[in-house]
Amino acid sequence: MKTPGWVPVFLKEFIHFRRKLFKLGYIFSAMVGPVIYFFAFGLGLGNRVKIDGVNYLVFLIPGLVAMSSMNNAYTWVAGTVNLSRLYFKTFQMFIQAPISSSSILIGEILAGMVKGLFASLLIIILGFVMAPEFFLSWPFAYALLANCFLFSALGVIVGMLTKSHEETATYSNFIIMPMAFFCGTFFPLDRIPLILKSIIYLFPLTHTNILIRKTVMDGEAWLSLFVLLLYGVVFFFWGKKLINDYDE
Amino acid sequence: MIVLEGITKKYGHLYAVDGVSLTIERGEVFGLLGPNGAGKSTTIRMLTTLTRPDGGKASIGHFDIVKDRDKVRNIIGVVPQENNLDRELTARENLIIYALLHRVPDWRERIASSLDLVGLLERQDSIVAEFSGGMQRRLLLARALLANPAVLFLDEPSIGLDPQIRRQMWDIVRNSAINGRTVVITTHYIEEAEALCHRVGILNRGRLIALDTPARLKETVGNYVVEHIDAEGRLIQHFCRTREEARSCAARQPFAVTVREANLEDVFVKLTGERIE
C-alpha cells in the first residue's frame, strides 16, 4: 500500500515537535500565557464572580482552551511554513515532491492540530485539578477540533503569504490577539454593546467560545459549528490554492 | 530528453533567463556555465518546477514542466544550491522523509546504500547541524539519488567541498550517468565543467551564448593561450590554434609570457570580454 502524501509532511513536523516536547522550557513557554490568565483572572475572580450561575473559573477554562489551541495551532504552522519556505528552504522539498498540494496542506494542518491539542490538554488537566466542577462535553470536543483545524489552515495561509518572518507577527497582532481578548474568552458576549457584537460574531473564535461552553448541541451550537466548519473549508481551499500556485 | 524552447523568466523588467533553447539527450552530463547572475539557477528552478516560466516552454521526458508538474517531479532529483536539509533532523530522518515523499520502494535498503555511497552511513543517526558543509552537500547528493531519478539536477554541487571530496562527488555523478541517467549541472568552476560534462551551455545575462562540447568550444577560440601583463598592468591574451602558432606568438612579445592550453573560461572571456568568477 502506498503511503499517503501527507504522512511525510506530518512526520517531519511531528519529529520536531517530539524533540521540543522533551525540552522543559518548551512546555513552560506553551503554558505560561494561559496559566498567567488562569491564576490572574480565574483565581482572583473565581470565587467572587458567577456567570450564568457557575463559578467564573469554570466559565474561564473552556475559553482559555479555545484561546490556547488557536494560538498554538496558528503560531506553530505559520512559523513553520514561513521559516521553512523563506529561510531553511525545506518547504521546497515538499513542492518538488510528486505529492498533491492537498497532501502538503493536510500534513501541516495535522501537525498544527497536534500542537494545539497538546497545549489544550495541559489546560484541561489544570482545569480538572483547580476546578472540580469543570467537565468535558461533545460540543467541547467538536469546538476544540474545529478550532485547531481552522487556525492551522489559517497558519498555512499566513505562512505562505508573508514575505518575512517578522511579518507573521503583524498578522498575530492584528488578527489573533484581538480575537483572544474580544471573542468571549474572558467574559460573556451578551455584555458587549450591540454594535461591536455584530463584528465580533464574524470572528471564528467567537463561535468556538460559544460551542465549547455548551453542554448539548442546541440550535446555537449547531450554528456555531457550521460557522467554524465554513471557515475551515474556506481556509483549506485558500491554503491549497496558495500551495498549488507556488512560484519563486 | 530535456527540451527547452525559448524559455524566459522575468523579474520586474529584468530578464533572468531570456529565450533559452537547447536539447539535452538521455544519459548526457550537461553543464550550464556562467558567472553569478547569468541565469543558471533560475533555469534549474524552472526545470525543477519551483519557478514558472514567463515565456517559451520546456519538457523533461516529454512531460511539460508547467502542465505535467507532478509527472516531472516523479522523475527528477535535485541538489539545490542552497542547502535545504532539515538541520534539526538526523541524516537518516531526512532521507526517510524524502523516501516517503517520493514513495521509494525498499526505502530502508536504499537509504543505507545511498548513505554508504557518499560515505555517511556511520553518521546516519547524527543531527545534520553537526555535519560540516561538505558532509551536508554529500547528504544532499545521497537524497537526490535516493528515488533513482531519471534526471538529476545539481545546482553548484561543489560549493564548500574540499578537492578530494569534490573528486569523489564527480565520480558518483559520472557513474550515475553511465547508467543512462541524464545529469544537468550548473557551475562556475571551470574544471568541474571540463571534467564532467559531455556538453556545456554558456550563459551570460540570461542568454545562451555558446553550446557545444568543451573541446569544440575551446577550438572555436584557439586551443592555446599566450598571455602577459602589459605596461599598464592589464592581462593581455592571444588565442592560437596550434602549439607552433602559440610559440611563434610568444616569441614576438616584448614581455615575459605564459603559454598554456585554453579552458572554458577563455571561451567565456573571448565571447563576452568578462571573466566568470
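Between the alpha-carbon centers of segment B:204-277 and segment A:71-99, tell me the distance in whole angstrom.
Result: 47 Å between the Cα centres.
Say each of B:LYS10 and A:ARG18 gets a label point 7 Å from the Cα, pointing the same way as Cα to Cβ; how far apart are those two points in nm?
Those two pseudo-labels are separated by 5.0 nm.
Does segment B:162-214 classify as rounded, prolate or oblate by the C-alpha gyration tensor (a ≥ b ≥ c root eigenvalues; a/c under 1.5 gives rounded; else a/b over b/c gives prolate, otherwise oblate)?
Verdict is oblate for segment B:162-214.
Using DSSP to call loops (not H, G, I, E or B), can you name the GluC sites (Glu not before Pro) in segment A:120-182 whose Cβ has at most 11 other Cβ atoms within 10 angstrom?
A:GLU133
Which one of A:ILE61, A:GLY25, A:SER101 is farthest out on the positive end of the charge dipole of segment A:6-136, using unit charges on Cβ (Lys, Arg +1; Asp, Glu -1) and the Cα centre as origin?
The residue sitting farthest along the positive end of the dipole is A:GLY25.
Which lysines, on any chain, are close to B:LYS71 with Cα under 21 Å apart, when same-chain ones fewer than 8 places away are left out?
Here the lysines satisfying the reach criterion relative to B:LYS71 are A:LYS2, A:LYS240, A:LYS241, B:LYS57.
On a 0 to 90° scale, report how tilted helix B:163-178 is relative to the longest principal axis of chain B, with both axes built from alpha carbons and the result rounded to the nearest 10.
70 degrees
For chain B, what is the accessible area per residue in Å² when the probe is 1.4 Å?
Each residue of chain B exposes 45 Å² on average to a 1.4 Å probe.
Need one value for B:94-107: mean number of C-beta atoms belonging to other chains within 10 Å of its residues' C-beta atoms.
Neighbouring Cβ atoms belonging to other protein chains average 5 per residue here.
In the protein assembly as shown, what % of DSSP beta bridges are antiparallel (nearest 5)?
Of those bridges, close to 65 percent are antiparallel.
Just A:ILE199, A:ILE109, A:ILE212 to compare: in a GNM of chain A, with alpha carbon springs under 10 Å, which one fluctuates most?
Looking only at A:ILE199, A:ILE109, A:ILE212, the largest GNM fluctuation is found for A:ILE199.
What FRET efficiency would be calculated for the residue pair A:THR3, A:GLU133, taking the C-beta separation as r and a Förster radius of 56 Å, to the nearest 0.05?
Calculated value: 0.80.
Please give the average number of partner chain Cβ atoms lying within 10 Å of the Cβ of each residue in B:84-92, rounded to a whole number.
Taking the mean over all residues of the peptide, I get 4.
Given the DSSP H assignment, sum -39500 (n - 2.57) over each helix run of at least 4 residues in chain A and divide by its residue total; what's the result at 222 nm in deg cm²/dmol, nearest 500?
Taking each H run of at least 4 residues, the total per residue is -23500 deg cm²/dmol.
Mind grabbing the interface size between B and A? I mean buried accessible area, both sides, 1.4 Å probe, in Å² to the nearest hundred.
Its buried surface, counting both partners, is about 2700 Å².
In whole percent, how big is the carbon plus sulfur part of the accessible area of segment A:82-184, probe 1.4 Å, protein atoms only?
75 percent
Under 20 Å from the 7 Å Cα→Cβ point of A:LEU145, by amide nitrogen: which residues of segment A:199-228?
A:204-228
Run the dipole for segment B:144-243 about the Cα centre, Lys and Arg Cβ at +1, Asp and Glu Cβ at -1, nothing else charged, and hand back the magnitude in debye, nearest 20.
360 debye
Of the beta bridges DSSP finds with both residues in segment B:1-158, what % are antiparallel, to the nearest 5?
Here the antiparallel bridges make up roughly 80 percent for segment B:1-158.
Build a GNM of chain A with springs between Cα atoms under 10 Å: which of A:ALA78, A:ALA40, A:ALA180 gets the top mean-square fluctuation?
Looking only at A:ALA78, A:ALA40, A:ALA180, the biggest GNM fluctuation is shown by A:ALA40.
If you count the DSSP beta bridges with both ends in chain B, what percent of them are antiparallel, to the nearest 5?
Close to 60 percent.
Check each of the trypsin sites (Lys or Arg not before Pro) in segment B:175-264 and keep only those in coil by DSSP with at most 10 other C-beta atoms within 10 angstrom; list them in order.
For trypsin sites (Lys or Arg not before Pro) across segment B:175-264 that sit outside H, G, I, E and B with at most 10 neighbouring Cβ atoms in 10 Å, the list reads B:ARG234.
Among A:PRO98, A:PRO178, A:PRO204, which one shows the biggest mean-square fluctuation in a GNM of chain A, springs joining Cα atoms closer than 10 Å?
A:PRO98
Mind pulling the angle between the C-alpha long axis of helix A:56-86 and the longest principal axis of chain A? Nearest 10 degrees, somewhere in 0 to 90.
The two axes meet at around 10 degrees.
Report relative contact order for chain A in percent, whole number only (criteria: Cα-Cα under 8 Å, sequence separation at least 6).
Relative contact order of chain A: 26 percent.
Taking a virtual spin label 7 Å from the Cα of B:THR23 along the C-beta vector, which residues in segment B:194-230 bring their backbone nitrogen under 20 Å of it?
B:198-202, B:208-214, B:216-217
Could you give the dipole magnitude of chain B about its Cα centre, charging the beta-carbon of Lys and Arg +1 and that of Asp and Glu -1, in debye to the nearest 20?
Around 600 debye, computed over chain B.
Nearest 500 deg cm²/dmol is fine: what mean residue ellipticity at 222 nm does chain B get from its DSSP H runs of n ≥ 4 alone, each adding -39,500 (n - 2.57), divided by its residue count?
-10500 deg cm²/dmol
What is the mean number of Cβ atoms from other protein chains located within 10 Å of the Cβ atom of each residue in peptide B:73-79, rounded to a whole number?
Mean shielding by partner chains, rounded to a whole number: 2.
Please report the relative contact order for chain B, taking Cα pairs under 8 Å with a sequence separation of at least 6, and give it as a percent rounded to a whole number.
Answer for chain B is 22 percent.
Would you mind working out the magnitude of the charge dipole of the protein assembly as shown relative to its Cα centre, with +1 at each Lys and Arg C-beta and -1 at each Asp and Glu C-beta, to the nearest 20 Debye?
680 debye
At a 1.4 Å probe radius, carbon and sulfur cover how many percent of the accessible area of segment B:84-194?
47 percent
Which of the trypsin sites (Lys or Arg not before Pro) found in segment A:84-181 are loop residues per DSSP with 13 or fewer other Cβ atoms within 10 Å of their Cβ?
A:LYS163
The values are calculated or read from the model by the stated rules, or taken from the named source; none is laboratory data. Not measured: the values here are computed from a predicted model. In this analysis, Cβ positions are derived from the backbone assuming ideal geometry, glycine residues included, and neighbour counts consider all displayed protein chains. Keep in mind that these areas ignore ligands, DNA and RNA; they rest on the heavy atoms of the full protein, side chains included. Shrake-Rupley method; radii C 1.70, N 1.55, O 1.52, S 1.80 Å.
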